[in-house]
Amino acid sequence: MYELLAQVMKFLLIGLIYYFLYNFLKLMVLDLYEERKSSDETDYYLKCEDGREFPLRKVTTIGRAKDSDIVIDDPYLSSKHAMIYKRGRRLIIQDLKSTNGTYINGRRIKKAVALREKDVITMGSRKFTFLRREARGLERGSDI
Amino acid sequence: MDSREEAIYNRSLTAMALVGFLSFLLLSAYRKPVTFLPFYGALAFLTVVFLGYFFTGWVLPNSDKFLFLLSSFLAQLGLIMLCRINPELFKRQVVFFALGVGFFILISFFTKYLLRLELAPFFYWAVTVVLLLLPLLFGVEKGGAKNWLVFDGFTFQPSELAKITFAFYLAGVLKNGRIDSFPRMATEILTVVGLLAISKDLGGAMLFYFTALIVIFVATSRPDIMAVGCFSAAILGVSGYYLFDHVRVRIEAWLNPWKDVPGRGYQIAQSLFAIAEGGYFGTGLGLGRPDFIPAVATDFIFSAFAEEFGFLGAAAVVLMYFLLVYRGIRIALRLQRNFEILLAVGHTVMFGMQIFTIIGGVIKLIPVTGVTLPFMSYGGSSMVMSFASLGILNGLWQSALEGEDDDED
């Protein structure tokens with residue numbers, strides 16, 4: 001009697017152990033998905049006056065040079081003008097010793113400054129608004 | 001935490017409770033006068049798990065439930081095997097588990113204060129050496145290694161605590177990303193390893209040596225030190241084979257256990273028979289013969305598990321340990337300061353090496369050495385200190401998340 005019970009039970013137990021393992025593997029996949037997303041993209045973007053949108057990554061460089069992440073063809077910009085990078089959950093903007101400077105809400109910045117939503121960044125003659133994508137947070141991981 | 005993860009955790013908690021109830025009910029019917037001792041033990045165990053789970057969630061909102069649930073599940077599988085092998089040990093192990101969870105919560109809470117202390121690495125090294133010297137001077141011998149301390153009726157293995165202080169020492173001495181004085185550090189590490197070798201704890205010596213090597217590599221990214229370290233490990237191993245008799249016995253039993261099955265190769269041969277008996281699905285709980293394997297409750301619990309739960313169950317256990325190590329590495333990747341990163345790496349590598357040493361030992365991949373399988377083996381010091389290590393990882397995880405929250409420029 002006990003033997004029969006144990007024989008039946010062993011399949012059930014292994015099934016349950018694998019179900020547990022499956023759940024934890026799924027958690028790992030969710031982790032990795034989030035990690036890839038957070039290491040690559042952020043929920044923020046820059047909106048240009050002319051309506052163009054530039055998504056911000058973990059490190060985004062802005063300038064006239066062709067290898068910048070955001071290339072802006074404007075004679076008043078330096079070739080490597082400014083850099084926006086992620087630290088913790090904030091995005092920090094740093095002026096890369098540009099000739100004409102970087103302004104946040106009209107004030108010229110000297111050292112690295114944390115950006116807040118709806119800040120207006122002025123570089124050369126261009127104005128950008130720092131905005132957050134609202135809907136992105138909700139659909140996180142939904143396509144797995 | 002988002003609701004999606006919450007739902008997954010709840011499902012795994014349900015699966016865990018089901019495994020517990022089913023197998024302990026089965027074990028209640030296993031011994032002839034039917035006793036409900038296993039079932040009560042399981043109730044106590046699951047109560048501790050649920051209390052620990054919800055209490056950590058309440059005290060520390062960012063607590064890493066992944067680590068806690070995974071290690072509790074492994075502890076549960078260990079308890080099932082212990083209950084089947086020896087109900088007396090099972091009763092004590094449930095108490096050790098409760099103690100371990102207590103330590104886990106306490107240490108996850110106090111790690112941030114511990115990190116602020118910033119003691120000199122020499123202090124941690126001195127504590128490690130004292131911990132390893134104590135059993136050499138006052139200790140008793142158990143199972144061939146002299147690494148136990150006895151205080152009236154209650155035994156303690158200081159080398160388990162030394163693992164934690166040693167990880168702190170390594171993190172402290174390497175926190176600048178370079179080696180300040182190589183001869184000094186080599187002497188300090190080799191003293192620790194030598195003390196373990198003198199107490200005949202070869203597994204422990206190997207564990208500490210390779211952990212030190214890997215943490216040095218992570219801190220400095222210098223392959224030359226890694227190569228020199230591996231080369232000198234090979235030389236030490238070969239000279240140990242010719243110089244010490246107990247090393248030769250282990251290695252000969254590993255190379256060919258069938259030469260002397262009733263004598264030297266007995267442990268490993270019985271372990272291999274048990275694993276072979278299991279097949280894919282195992283013999284079924286209570287239908288194997290783990291009583292033939294020596295030291296089955298401590299070092300060889302993995303072979304008993306492989307016999308009764310089969311290759312599939314054993315593979316699941318190995319994968320779970322892999323996930324535990326993965327989570328530790330993930331915590332290390334999220335941290336900012338060098339000291340904290342190396343501390344997390346040190347603890348994770350210590351776990352990984354320990355699991356590799358003992359599982360590799362019982363399946364005859366490497367010579368068998370007496371270290372415990374964290375969370376599954378019987379043993380109070382091992383259980384409590386493994387949970388304490390996890391507590392430190394969890395505490396580091398808290399500080400990683402807090403650092404992200406209040407990161408003003």
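The values are calculated or read from the model by the stated rules, or taken from the named source; none is laboratory data. All values derive from a computational prediction rather than experimental measurement. Virtual Cβ from ideal backbone geometry, glycine too; neighbours counted across all protein chains shown.
Here B:Met376 meets each of (1) in contact with a helix residue (DSSP H, G or I) (Cβ under 8 Å, 6 or more places away or on another chain); (2) within 14 Å of another protein chain (Cβ to nearest Cβ); (3) assigned to a helix (DSSP H, G or I) with one exception, condition (3). At least 3 residues that are over 12 Å from B:Ser381 (Cβ atoms) in each: list the strands (runs of 3 or more DSSP E) lying fully within region B:124-193 that qualify. The strands (runs of 3 or more DSSP E) meeting that bar are B:145-151.
Yes or no, residue by residue, for (1) touching a strand residue (DSSP E or B) at 6+ places or on another chain (Cβ under 8 Å); (2) more than 14 Å from B:Lys65 (Cβ to Cβ); (3) exposed (fewer than 15 other Cβ atoms within 10 Å of the Cβ):
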site: B:Ser12; (1), (2), (3): no, no, no
site: B:Gly20; (1), (2), (3): no, yes, no
site: B:Leu25; (1), (2), (3): no, yes, no
site: B:Ser28; (1), (2), (3): no, yes, no
site: B:Lys32; (1), (2), (3): no, yes, yes
site: B:Pro38; (1), (2), (3): no, yes, no
site: B:Thr47; (1), (2), (3): no, yes, yes
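Return the total of residues in region A:58-67 being under 23 Å from A:Arg89 (Cα atoms) and crowded, with 18+ Cβ neighbours inside 10 Å. Give the derivation first.
Filtering region A:58-67 down to residues under 23 Å from A:Arg89 (Cα atoms) leaves A:58-62.
Now restrict to residues that are crowded, with 18+ Cβ neighbours inside 10 Å: A:60-62.
Counting residues in region A:58-67 that are under 23 Å from A:Arg89 (Cα atoms) and crowded, with 18+ Cβ neighbours inside 10 Å gives 3.
Out of B:Lys175, B:Lys200, report the one residue that is in contact (Cβ under 8 Å) with a residue 60 or more places away in the chain, surrounded by 17 or more Cβ atoms within 10 Å (Cβ to Cβ) and basic (Lys, Arg). None of the others qualify; the one that does is B:Lys175. In region A:1-46, of all residues being in contact (Cβ under 8 Å) with a residue 60 or more places away in the chain and surrounded by fewer than 16 Cβ atoms within 10 Å (Cβ to Cβ), the one that is farthest from the other protein chains (Cβ to nearest Cβ) corresponds to A:Lys37. When each of B:Ala315, B:Ala344, B:Ala297, B:Ala388 is tested for being farther than 18 Å from B:Met206 by Cβ and within 14 Å of chain A (Cβ to nearest Cβ), the lone residue that passes is B:Ala315. Taking the criterion of being buried (at least 19 other Cβ atoms within 10 Å of the Cβ) and of a type outside the set (A, V, I, L, M), the residues of region B:257-276 that qualify are B:Pro257, B:Gly265, B:Gln267, B:Gln270, B:Ser271. For region B:178-197, filtered to residues that are surrounded by fewer than 17 Cβ atoms within 10 Å (Cβ to Cβ) and touching a residue at least 12 places away in the same chain (Cβ under 8 Å), the residue that is nearest to B:Ala219 (Cα to Cα) is B:Arg178. Tallying residues that are outside the structural domain of B:Leu60 (by TED's automatic domain parsing) and among the hydroxyl-bearing types (Ser, Thr, Tyr) within region B:85-129 yields 2. For region B:3-53, which positions are at the interface with chain A (Cβ under 10 Å from one of its Cβ atoms) and in contact with a Gly (Cβ under 8 Å, 6 or more places away or on another chain)? Matches in region B:3-53: B:Arg4, B:Leu26, B:Leu27, B:Tyr30.
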